[in-house]
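Novice: One structure, pasted below without further comment.
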Amino acid sequence: MRLLQPFRRRDFAVLWLGQATSLVGDGIFVVAITFQILELRNSPGALSVVMLAGSVGLVACLLAGGVVSDRVERRRVLIASDLVRLAAVAGIGALSVAGALEVWHAVALMLVYGAGEAFFQPAFGALLPAVVPAEELVQANAVHGVVRPLALRFAGPALGGVLVAAAGAGPALLADAATFGVSAACVFGLRARSWAGVEPEGARRELAAGWRYVRSQPWLWATLASAGLAVLFVLGPFQVLLPYLIRNDLGGDAGTYGAVLAVSGLGAVTAAALVGQVGLGRRPVSLMYAVWSVSPLALCGFAAATATWQLLPLAAAEGACLAAGNVVWSTLMQTRVPPALLGRVTSVDFLASLGLTPVSYALTAPAAAALGASTTLVAAGLLAAAAGLAFWPLAVRQAPSAARSAANPG
């Protein structure tokens, strides 16, 4: 089976043992932190502020994370990031167990958590081409597309729902913290080394080189603009209003929310495995835009649901479309961006894609107060889909042969 080819390589298997464990922890965290804050203050506003803090820490440090990832051996960056996030999540969990947690504690520690995440993502994206050869990158990214949703949106949320229901949010958060330790140990055990060999020229000049490359590539800048708008419209409503509706309108609980995320993860697993098996096709950029434009329409269905079971098929479709596009995007990045720029371009990718995340969280509560939670979800889904359709023609202006070369490197 082509999807499993990268696992023949020892470093790839070790890396993904750690990543799978950490991603399960991330899935636990999504459920635990959501219902911990709702327990403290049953308000979309409080939850928005906590999520906003994490995104602010992430966005503020992303460009620095890209520069460091192209200067420093990338394993070291990953390990440091894991340890920072371990400390932040353990702090929230310990305060919760002690009965001392307040919203402002969570806000402060989420800032630290987001900063740690900002260094991890550019380094991880730049490390993968050193672990597997170019001809296996489609399959390696498909593995990422399978393992990530399986852990983050299926096993993790399902386990998180059980842990929160059985032991409370505090112990669930401590369990998540432990998974970062497993990830750090696995990265430490890698034999491969990944360093771009970039001589320091000053952070400003190094960042400018990354930005210049992005501006020179239509498939890059158009997709980043589209993704930024999609995140603005979708992320806050999905992570704040969906659990709020489940709890307050549909009579659900943490287990229900965990099940919705889990089914979304199953859809993502199926789609990523399919892409890994059959490849990206002749028009990968168009494939990516098509599925990404369909994915946010699930929010419209969430708003119309009258029973919790109706959320499940919508979540499966949303997860499948999102994951299929992500496999294409990751492979395009790793095969078309020069290795010496990959850390910085990856950080620009995350900054452009997630830079509006704080705004999304900040606008969600007032939009829901003015329009209602259901209407806000519908508007968010329609606007995100429209953004994808608007930028699609711009992204495919590049010569088709150049776009296709990413699907079949070498």
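Novice: Taking Pro338 as the residue in question, decide whether it is touching a Phe, Trp or Tyr at 6+ places or on another chain (Cβ under 8 Å) and either charged (D, E, K, R) or surrounded by fewer than 19 Cβ atoms within 10 Å (Cβ to Cβ) (or both).
Specialist: yes
Novice: Please specify each residue of the range 243-271 satisfying the condition of being of a type outside the set (Val, Ile, Thr), within 24 Å of Ala379 (Cα to Cα) and surrounded by fewer than 24 Cβ atoms within 10 Å (Cβ to Cβ).
Specialist: Those that are of a type outside the set (Val, Ile, Thr), within 24 Å of Ala379 (Cα to Cα) and surrounded by fewer than 24 Cβ atoms within 10 Å (Cβ to Cβ): Tyr244, Leu245, Arg247, Asn248, Asp249, Leu250, Gly251, Gly252.
Novice: Name the pairs: first residue in the range 312-323 and surrounded by 21 or more Cβ atoms within 10 Å (Cβ to Cβ), second residue among the aromatic types (Phe, Trp, Tyr), Cβ to Cβ under 8 Å, at least 6 apart or on different chains?
Specialist: That search, which allows pairs on different chains as well, returns Leu314/Phe302; Cys321/Trp292; Leu322/Trp292.
Novice: Among the listed residues Leu280, Leu274, identify the single one that is in contact with a helix residue (DSSP H, G or I) (Cβ under 9 Å, 6 or more places away or on another chain), of a type in the set (A, V, I, L, M, F, W, C) and part of a helix (DSSP H, G or I).
Specialist: Leu274
To keep it simple, each residue is scored yes or no on (1) under 14 Å from Ala60 (Cα atoms); (2) part of a helix (DSSP H, G or I); (3) not charged (D, E, K, R).
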{"position": "Gly91", "(1), (2), (3)": "no, yes, yes"}
{"position": "Ala100", "(1), (2), (3)": "no, no, yes"}
{"position": "Val107", "(1), (2), (3)": "no, yes, yes"}
{"position": "Leu111", "(1), (2), (3)": "yes, yes, yes"}
{"position": "Glu117", "(1), (2), (3)": "yes, yes, no"}
{"position": "Ala123", "(1), (2), (3)": "no, yes, yes"}
{"position": "Ala126", "(1), (2), (3)": "no, yes, yes"}
{"position": "Ala130", "(1), (2), (3)": "no, yes, yes"}
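Novice: Residues Asp26, Asp82: which one is in a helix (DSSP H, G or I), at pLDDT 85 or above and either in contact with a Phe, Trp or Tyr (Cβ under 7 Å, 6 or more places away or on another chain) or basic (Lys, Arg) (or both)?
Specialist: After ruling out the rest, the residue left standing is Asp82.
Novice: Report yes if Ala227 is among the aliphatic types (A, V, I, L, M), touching a helix residue (DSSP H, G or I) at 6+ places or on another chain (Cβ under 9 Å), modelled with pLDDT of 80 or more and surrounded by 17 or more Cβ atoms within 10 Å (Cβ to Cβ), otherwise no.
Specialist: So Ala227 passes the test.
Novice: Filter the range 331-341 down to the residues that are part of a helix (DSSP H, G or I), over 18 Å from the mean Cα position of the chain (by Cα) and within 13 Å of Gly66 (Cβ to Cβ) and list them by number.
Specialist: Matches in the range 331-341: Ala340, Leu341.
Novice: Moving to a separate point now. Within the range 182-195, identify whether any single residue is within 20 Å of Leu40 (Cα to Cα) and surrounded by fewer than 19 Cβ atoms within 10 Å (Cβ to Cβ), and answer yes or no.
Specialist: no
Novice: Which residue pairs have Cβ atoms closer than 7 Å, lie 6 or more positions apart in sequence or on different chains, and pair a first residue in the range 102-117 that is touching a residue at least 60 places away in the same chain (Cβ under 8 Å) with a second residue that is among the charged types (D, E, K, R) and assigned to a helix (DSSP H, G or I)?
Specialist: Pairs found: Glu117/Arg85.
Novice: Continuing with this model, one more query. Determine which member of the set Thr256, Thr306 is part of a helix (DSSP H, G or I) and of a type outside the set (D, E, K, R).
Specialist: From the options Thr256, Thr306, the qualifying one is Thr256.
Novice: For the range 5-36, what are the residues that are free of Cβ contacts under 8 Å to residues at least 12 places away in the same chain and aliphatic (A, V, I, L, M)?
Specialist: Once the filter is applied, which keeps residues that are free of Cβ contacts under 8 Å to residues at least 12 places away in the same chain and aliphatic (A, V, I, L, M), the range 5-36 yields only Ala13.
Novice: Let me ask you something else. Which one is surrounded by the most Cβ atoms within 10 Å (Cβ to Cβ), of the residues in the range 37-84 that are free of Cβ contacts under 8 Å to residues at least 40 places away in the same chain and under 24 Å from Glu206 (Cα atoms)?
Specialist: Looking at residues that are free of Cβ contacts under 8 Å to residues at least 40 places away in the same chain and under 24 Å from Glu206 (Cα atoms), I get Ala80.
Novice: Mind checking which residues of the range 342-384 are outside any helix (DSSP H, G or I) and under 15 Å from Ala118 (Cα atoms)?
Specialist: The answer is Gly355, Leu356.
Novice: More than 23 Å from Ala90 (Cα to Cα) and in a helix (DSSP H, G or I) - does that describe any residue in the range 38-59?
Specialist: Yes, the range 38-59 has at least one match.
Novice: I've got another one for you. Quick check on the range 128-142. Is at least one of its residues of a type in the set (S, T, N, Q) and under 17 Å from Pro339 (Cβ atoms)?
Specialist: Within the range 128-142, one or more residues are of a type in the set (S, T, N, Q) and under 17 Å from Pro339 (Cβ atoms).
Novice: Under 8 Å by Cβ, and 6 or more places apart or on different chains, what pairs join a residue from the range 343-366 that is farther than 21 Å from Val77 by Cβ and of a type in the set (Ser, Thr, Tyr) with one that is assigned to a helix (DSSP H, G or I) and modelled with pLDDT under 80?
Specialist: Tyr361/Ser48; Thr364/Pro44; Thr364/Ser48
The values are calculated or read from the model by the stated rules, or taken from the named source; none is laboratory data. The shown structure was predicted, so the numbers you read here are calculated from the model rather than taken from an experiment. Here Cβ is always computed from backbone atoms with ideal geometry, including for glycine, and neighbour counts include all displayed protein chains.
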